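Working notes, beginning with the structure itself.
The values are calculated or read from the model by the stated rules, or taken from the named source; none is laboratory data. Remember, it's a predicted structure, so these values are computed and weren't measured experimentally. Neighbour counts are summed over all protein chains in view; Cβ atoms, including those assigned to glycine, are modelled from backbone coordinates with ideal geometry.
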Amino acid sequence: MGVQNRVALVTGSGSGLGETTVMMLAQNGAKVVVNDVDQAKVDKVVKKIKSAGGEALGVAADISKKDQVQDLVQKIVKQFGTVDILVNNAGIARDKGLLKITEEDWDIVLDVNLKGPFLLSQTVVPYMKERKFGRIVNISSRAYLGWPTQANYASSKGGLVSFSRTLALELAKHQITVNCIAPGLIQTPLYDALPDNIKENLMKSQPTKTIGKPEDIGYGVLFFADDEADYVTGQTIFICGGKSVLSSLSV
Ligand SMILES: NC(=O)c1ccc[n+]([C@@H]2O[C@H](COP(=O)([O-])OP(=O)(O)OC[C@H]3O[C@@H](n4cnc5c(N)ncnc54)[C@H](O)[C@@H]3O)[C@@H](O)[C@H]2O)c1
């Protein structure tokens, strides 16, 4: 039941949505792996989990680099024997209009947001196949539907949806599910730092007139990662206060 005793890796879990998600997985009895490119963030989150009585391993690694991904997974296997749940959460943005996006802006966003999940999936799936159990949850974005100044980011997040649907079909016979979450507006430090008038306009455009909490994404991950969710695969769930419905009405 649930995620009890499962080994769960959340990439980019040193802050934001990943941090909340990895804490929620630990609170629900999973043995968690905190990964981030930033060692100080990893240490901070591992300390929080352990002081709340959870079991956690921290590994700093850049998930866009194959050798670092392989090393990360080897460390997990050495400590916990396998990876049951992979949450590809690490993501970055370099928002600019098309004519201002440099080749480097394009490459780094695609490398972290799309190549990272590919490298991680390729490295953990052999362990999942062996145990005939796996849950992969990819954190996309509502922005994959399209948003000005986000050609690189939206492409990476749209690619992640296609990647998830394809893997879902390839891995279904191995009892490995692959699903996506597309968050909308969520209260993070980035949102808090916006000028009040922009926040007001954003809020007005929300059907719920509210903003999501990081926990809303964590609950989505817990749903897809659950032992009982074995018949749910290849799906993308929008967690965005209904805004994706408005977007589809306006096109
Ligand atoms: N916050 C939102 O409103 C929102 C909305 C839609 C989608 N998302 C997606 O949710 C995910 C988490 O976003 P967030 O707002 O919590 O961001 P965040 O910046 O707070 O956290 C992302 C973490 O990933 C880490 N990271 C960056 N590059 C990495 C790499 N190469 N290897 C390992 N770790 C790396 C960062 O150090 C950071 O701690 C991202 O994929 C983002 O695109 C967020």
**Item:** Residues within region 78-121 that are hydrophobic (A, V, I, L, M, F, W, C) and exposed (fewer than 15 other Cβ atoms within 10 Å of the Cβ), tallied
**Value:** 2
**Message:** Checking the condition farther than 24 Å from Thr208 by Cβ, more than 10 Å from the ligand (Cβ to nearest atom) and over 15 Å from the mean Cα position of the chain (by Cα), which residue from Gly159, Gly134 passes?
**Reply:** Gly134
**Asked** Name the residues in region 112-131 that are within 14 Å of the ligand (Cβ to nearest atom) and of a type in the set (Lys, Arg), would you?
**Response** Lys115
**Fill in**
When Val109 is run through (1) away from the ligand (no atom under 13 Å from the Cβ); (2) within 17 Å of the chain's Cα centre (by Cα); (3) of a type outside the set (Asp, Glu), the failure sits at (1)
**Asked** Can you name the condition, by its number, that Leu110 falls short on among (1) in contact (Cβ under 8 Å) with a residue 24 or more places away in the chain; (2) closer than 29 Å to Asn5 by Cα?
**Response** (2)
**Item:** Count of region 70-92 residues which are among the aliphatic types (A, V, I, L, M), within 20 Å of the chain's Cα centre (by Cα) and more than 25 Å from Pro183 (Cα to Cα)
**Value:** 3
**Prompt:** When you go through (1) surrounded by fewer than 19 Cβ atoms within 10 Å (Cβ to Cβ); (2) more than 20 Å from Lys65 (Cα to Cα) one by one for Arg142, which number turns out not to apply?
**Reply:** (1)
**Prompt:** What number goes with the only condition from (1) touching a helix residue (DSSP H, G or I) at 6+ places or on another chain (Cβ under 6 Å); (2) among the small types (Gly, Ala, Ser); (3) closer than 30 Å to Ala26 by Cβ; (4) at pLDDT below 95 that Ser247 does not pass?
**Reply:** (3)
**Prompt:** Among the strands (runs of 3 or more DSSP E) confined wholly to region 1-101, which include 1 or more residues that are in contact (Cβ under 8 Å) with a residue 60 or more places away in the chain, hydrophobic (A, V, I, L, M, F, W, C) and more than 9 Å from the ligand (Cβ to nearest atom)?
**Reply:** 7-10, 85-88
**Item:** Close pairs from region 141-165: first more than 22 Å from Thr177 (Cβ to Cβ), partner near the ligand (Cβ under 10 Å from one of its atoms) and of a type in the set (Ser, Thr, Tyr), Cβ under 7 Å, at least 6 apart
**Value:** Ala143/Tyr153; Ala154/Tyr144
**Residues within region 162-188 that are more than 12 Å from the ligand (Cβ to nearest atom) and closer than 17 Å to Val109 by Cβ, tallied** = 2
**Prompt:** Which residues, taken from region 170-219, are under 18 Å from Ser140 (Cβ atoms), among the small types (Gly, Ala, Ser) and free of Cβ contacts under 8 Å to residues at least 60 places away in the same chain?
**Reply:** Gly212
